[in-house]
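What follows is a set of notes on a single structure, which appears directly below.
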Amino acid sequence: MRTSIATVSLSGTLTEKLTAAARAGFDGVEIFENDLLAGPLAPDEIRARCADLGLTVDLYQPVRDVEAVPADEFARNLRRARHKFQLMERLGADTVLVCSSVSPLARDDDALAAAQLSELADLAQDFGIRVAYEALAWGRHVSTWDHAWRIVETAAHPALGTCLDSFHILSRSSGPKDLDAIEDIPGEKIFFLQLADAPLLGMDVLQWSRHHRCFPGQGGFDVAGLVARVLRAGYDGPLSLEVFNDVFRQAEAGPTAVDARRSLLLLQEELGVEVLPAPAPPSAVAFAELVTQDADPVAALLGGLGFTRTARHRGKPVDLWEQGEARILVNTGGAALARSRHRSRGKSPADGTAVAAIGLESADPAAAARRAEALLAPVLPRRRAEGDAPLDAVAAPDGTELFLCATRRPGLPDWRADFEDVPHAPAAADDVRIDHVALTQPWHRFDEAVLFHRGVLGLDAEESVDVADPYGLLRSRAVTDAGGGVRFPLTVAAAPGDDTAHARHIALGTGDVVAAARRLVEAGCRPLPIPVNYYDDLAARFEFADGELETYRDLGILYDRDAHGVFRHCYTRTVGRVFFELVQRDGGYRGYGAANAPVRLAAQHAVHRLTGG
Ligand code: MG
Ligand code: MG
């Protein structure tokens, strides 16, 4: 199907918006009137620019407050409309959006509305233009799609049809049953279809629409269910995104346009009208790669956590540290560090230690890479020397390199084979694995990141949680595979410059967190100190065996319980922008200790203040 995007959905000048839409692969655009009025390009120049970029102008919008008004007012509205139609002729747009009136002059009179819209359509027809009438969810008298359609049906004018907008429809819908009758609208009378999703918020619908619309798959609406009905009605126009969103208005247009198009590709896949390479979800984290210019603090920490340095890359300054199934690569190469710095936009602290890449254990790495590419993920050049395993890698929206790989599995290229063993002592424990990697996101890439991990990698997204930080509020949403082998809590902090809130962490799962924490202390790496107040509160909330709580307090171990089981966890100090967590999940506990996160963040801020770094 053809895809289109309203210019209001992207940031920048009209030229920047058009370029971003074309580069992301859209077929057309809706020109939002303000973008035209505020820019220097004449309508004919915009038309030429679109043609050069291979974009059609699918809609001009909006014309407001036209119908069901006294005759003298309607005469003025027609004069206004004529002016817009002349402009549209120069622009090369043949469909105009007229939204239901919010004017206090408008009357609750469907017959009058139909008659005046019919007269407007007469005028439009002279210009070869079609009028698409849309019910705003907050329209004065017409606020539902079926009401707007009844008026269009009454008018029975060939140049008058309806525009369906998923936000206006779904924000007012009380269930899928209300929508069935959409299939009875003759397809040729649905002149346009605008798509937006939104998180389910209990708030004023106008504010909800203006600030919180998002791309399909990023909110809580059943956009696919609605589009399926519109397609069954026989609609054959474009799928067009019309998204008013405070974040997208500020974020760079190029990546937002890619995010937008990816959402439509996934929507079309869900509808069965687009075939993409099937998802091949990862089953485990093969490795996490740290970049650093000073390996010593990282090595001390890894040693304290029980890792042992087992191998070195044959051609690059990369060490492999292992413990059980947990593998950490430590990359001291300048190029890797520079790439990581570039991604964090120069925000890395002095020593620059950061999580730069993750290896995802995949049943079919090549198939996973094909899907990622089909969904517009940047495929990274294979940085490899002769003889290295051919690793497929893509960049996540936050710039993290995701390697789709296999570890010691026959028949698949083995990244481990690029490493040469070095003499080493045994690791401290053999039941250790990477439980989760918490990936902080740039503030303007959060919804995109969730959709990327869900759509591109085939992970499931959990509910969004808000976590209090002393200096802001963190939003967190985990993406996981069905087996729990891959868990990425994605977080975003309100304060972009807050290094504490932006440090990433690698959580190591163990069968005995107390023993692991003791080893850490014995190695001279004190865990993050947790205030005594926390343990007083724990004593009130839960019952513990004799001495149990004291052990947790001494080792800085936090405690949580859910309907399934128990979670015990503690944290190391932060190195650069990375810290580690030791976790023990018992009885199928599913979360990440969100209840304890505010305590952890406050403790990290306290350490940060003391050490000044
Ligand atoms: Mg609309
Ligand atoms: Mg964690």
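The values are calculated or read from the model by the stated rules, or taken from the named source; none is laboratory data. These numbers come from a predicted model, not from an experiment. Every residue, glycine as well, gets a Cβ built from its backbone with ideal geometry; the counts of neighbours run over all protein chains shown. Surface accessibility is based on the protein's heavy atoms, side chains included, excluding ligands, DNA and RNA. Shrake-Rupley method; radii C 1.70, N 1.55, O 1.52, S 1.80 Å.
Observations, loosely collected:
Residues are listed down the side, and each one gets a yes or a no for (1) surrounded by fewer than 17 Cβ atoms within 10 Å (Cβ to Cβ); (2) outside the structural domain of Leu402 (by TED's automatic domain parsing):
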{"site": "Ala228", "(1), (2)": "no, yes"}
{"site": "Pro238", "(1), (2)": "no, yes"}
{"site": "Val243", "(1), (2)": "no, yes"}
{"site": "Phe248", "(1), (2)": "no, yes"}
{"site": "Ala253", "(1), (2)": "no, yes"}
{"site": "Leu264", "(1), (2)": "no, yes"}
{"site": "Ala278", "(1), (2)": "yes, yes"}
{"site": "Leu290", "(1), (2)": "no, no"}
{"site": "Pro297", "(1), (2)": "yes, no"}
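- Considering Glu89, Glu67, Glu73, the condition of being more than 16 Å from ligand 2 (Cβ to nearest atom), in contact with a Ser or Thr (Cβ under 7 Å, 6 or more places away or on another chain) and in the same structural domain as Leu36 (by TED's automatic domain parsing) is satisfied by Glu67 alone.
- Taken over segment 12-32, the criterion of being surrounded by fewer than 18 Cβ atoms within 10 Å (Cβ to Cβ) and free of Cβ contacts under 8 Å to residues at least 60 places away in the same chain is satisfied by Thr13, Thr15.
- Pairs, first in contact (Cβ under 8 Å) with a residue 24 or more places away in the chain in segment 127-139, second among the acidic types (Asp, Glu) and open to solvent by less than 10 Å² (accessible area, probe 1.4 Å), C-beta under 6 Å, six or more apart: Glu134/Asp165
- For segment 572-590, a residue qualifies if it is polar (S, T, N, Q) and either in a strand (DSSP E or B) or away from ligand 2 (no atom under 15 Å from the Cβ) (or both), and exactly one does: Gln584.
- Given (1) modelled with pLDDT under 80; (2) outside any loop (DSSP other than H, G, I, E, B); (3) within 20 Å of the chain's Cα centre (by Cα), index of the condition Ala393 fails: (1)
- First in segment 429-452 and not assigned by TED's automatic domain parsing to the domain that holds His569, second anywhere and assigned to a loop (DSSP other than H, G, I, E, B) and within 16 Å of ligand 1 (Cβ to nearest atom), Cβ under 9 Å, 6 or more apart: none
- Residues in segment 198-214 that are crowded, with 23+ Cβ neighbours inside 10 Å and either out of contact with any strand residue (DSSP E or B) (no Cβ under 6 Å at 6 or more places or on another chain) or free of Cβ contacts under 8 Å to residues at least 40 places away in the same chain (or both): Ala198 only.
- Extreme residue, modelled with the highest pLDDT, among residues of segment 500-513 that are away from ligand 2 (no atom under 14 Å from the Cβ) and crowded, with 18+ Cβ neighbours inside 10 Å: His502
So that you can scan it fast, the table gives a plain yes or no per residue for (1) open to solvent by 30 Å² or more (accessible area, probe 1.4 Å); (2) among the hydrophobic types (A, V, I, L, M, F, W, C):
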| position | (1), (2) |
| --- | --- |
| Ile530 | no, yes |
| Ala539 | yes, yes |
| Gly547 | yes, no |
| Arg561 | yes, no |
| Arg573 | yes, no |
| Arg577 | yes, no |
| Glu581 | no, no |
| Tyr592 | yes, no |
| Thr611 | yes, no |
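- Unmet criterion (only one of (1) closer than 21 Å to Ala181 by Cβ; (2) within 16 Å of ligand 1 (Cβ to nearest atom); (3) buried (at least 19 other Cβ atoms within 10 Å of the Cβ)) for Leu117: (2)
- Note on segment 133-142: residues that are within 25 Å of Ala224 (Cα to Cα) and open to solvent by 20 Å² or more (accessible area, probe 1.4 Å) amount to 1.
- Residue match in segment 78-89 (condition: within 16 Å of ligand 1 (Cβ to nearest atom) and in contact (Cβ under 8 Å) with a residue 40 or more places away in the chain): no
- Selection of segment 147-183 for residues being assigned to a loop (DSSP other than H, G, I, E, B) and either closer than 17 Å to Tyr133 by Cβ or open to solvent by 30 Å² or more (accessible area, probe 1.4 Å) (or both) yields Ala156, His157, Pro158, Ala159, Arg172, Ser173, Ser174.
- Checking each residue in segment 134-157 for being more than 20 Å from Pro176 (Cα to Cα) and either among the small types (Gly, Ala, Ser) or more than 32 Å from the chain's Cα centre (by Cα) (or both) picks out Gly139, Arg140, His141, Val142, Ile151, Val152, Glu153, Thr154, Ala155, Ala156, His157.
- Filter pass, Arg312 being over 21 Å from Gly399 (Cβ atoms), open to solvent by 20 Å² or more (accessible area, probe 1.4 Å), more than 28 Å from the chain's Cα centre (by Cα) and not hydrophobic (A, V, I, L, M, F, W, C): yes
- Test result for Asp94, open to solvent by 10 Å² or more (accessible area, probe 1.4 Å), touching a residue at least 60 places away in the same chain (Cβ under 8 Å) and not basic (Lys, Arg): no
- Filtered by the rule that a residue be assigned to a loop (DSSP other than H, G, I, E, B) and farther than 17 Å from Arg249 by Cβ, segment 1-23 gives Met1, Arg2.
- Residues located in segment 464-496, provided they are among the hydrophobic types (A, V, I, L, M, F, W, C) and either more than 13 Å from Val437 (Cβ to Cβ) or open to solvent by 40 Å² or more (accessible area, probe 1.4 Å) (or both): Val465, Val467, Ala468, Leu473, Leu474, Ala482, Val492, Ala493, Ala494, Ala495
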